[in-house]
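Step one of this worksheet: look at the structure below.
The values are calculated or read from the model by the stated rules, or taken from the named source; none is laboratory data. Source: prediction; values computed, not measured. Cβ sites come from the backbone with ideal geometry, for glycine too, and all protein chains shown count toward neighbours.
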Amino acid sequence: MTDTTGVLTVLTVGQVAEQFGVTVRTLHHYDEIGLLSPSERSGAGYRLYTEADIVRLQNVVVYRRLGFSLEEITALLDDATGGSLAEHLRRQRAAVMSRLEEMNDLVTAIDRALEKEMSGVDLTREEQRELFGDGFGDEYAAEAQERWGDTDAWRQSRERSARYTKEDWARIKEETDAVNAEFVAAMQAGLPPTSTEAMDAAEHARLQIHERFYDLTPEFHRCLADMYVADPRFTKTYEDVAPGLAQYVRDAIHANADRQADRA
């Protein structure tokens, strides 16, 4: 390395340690094992690092961050076929990409384990899909956590569902199917969403959530109903049961919320 006048300069061990965030003791150890020996010495015998030494240290730091052992790093840097900076950079890039793939796989595994721990649902993936079909997806749980994770409703739902067994979830699925069947029967009979039958089905849907998961007022239920038509994924859940059901359920829930407000 050179200073502003173009004169070759060297760095002391303390200066190198400060610049690269390593300890003096570490640099001494690198010298002792032959990984990084300073090329020059001062008149008093102190270690002095040249530009070439600094480049080598830069490579050492990168490889250490990638998890290579000191022995592996020594072999890499002393390889006569890979001594150029460009070659080291290519190696380092390849190593980083390999570790990124490993880290991504590890993060995915951790996320799955964490989700299972947090969900409180003691079901395997296969069991979840067996009960709830392909509409059950990891993205829904992740989005729900992001959207409502700080709400009392979310915490209450987690606390309740943590106690549910596979048999409990099977009964909840049966209840949901029964409520949907009420909506379908009313719709296919030509009854408007404001009919008693449709509003009763909406109230049964509200009570199921209220009793099984979290306290759900008619007004809160009205907000949920809007998502059934605003979010294509929720819409599809109902449309797979019967065409037009999503809008019908939404309107019936609104009508029931109005009915409950009139009774208050």
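Overview of values
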{"item": "Which numbered condition Phe220 misses (of (1) surrounded by 18 or more Cβ atoms within 10 Å (Cβ to Cβ); (2) at pLDDT below 90; (3) not β-branched (Val, Ile, Thr))", "result": "(1)"}
{"item": "Qualifying residues in region 7-47 (those that are surrounded by 14 or more Cβ atoms within 10 Å (Cβ to Cβ) and charged (D, E, K, R)) - the one modelled with the highest pLDDT", "result": "Asp31"}
{"item": "In region 157-169, the residues that are surrounded by 14 or more Cβ atoms within 10 Å (Cβ to Cβ) and either of a type in the set (A, V, I, L, M) or within 21 Å of Glu203 (Cβ to Cβ) (or both)", "result": "Ser157, Arg160"}
{"item": "Some residue of region 131-152 being at pLDDT below 60 and over 24 Å from the mean Cα position of the chain (by Cα)", "result": "yes"}
{"item": "In region 48-80, the residues that are surrounded by fewer than 16 Cβ atoms within 10 Å (Cβ to Cβ) and of a type in the set (D, E, K, R)", "result": "Glu51, Arg64, Arg65, Glu71, Glu72, Asp78, Asp79"}
{"item": "Subset of region 176-201 that is among the β-branched types (Val, Ile, Thr) and under 39 Å from the mean Cα position of the chain (by Cα) - its residue that is surrounded by the fewest Cβ atoms within 10 Å (Cβ to Cβ)", "result": "Thr176"}
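Residue-by-condition table, conditions (1) touching a residue at least 60 places away in the same chain (Cβ under 8 Å); (2) aliphatic (A, V, I, L, M); (3) in a helix (DSSP H, G or I):
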| residue | (1), (2), (3) |
| --- | --- |
| Ala198 | no, yes, yes |
| Ala201 | no, yes, yes |
| His204 | no, no, yes |
| Gln208 | no, no, yes |
| Leu216 | yes, yes, no |
| His221 | no, no, yes |
| Tyr228 | no, no, yes |
| Arg233 | yes, no, yes |
| Pro243 | no, no, no |
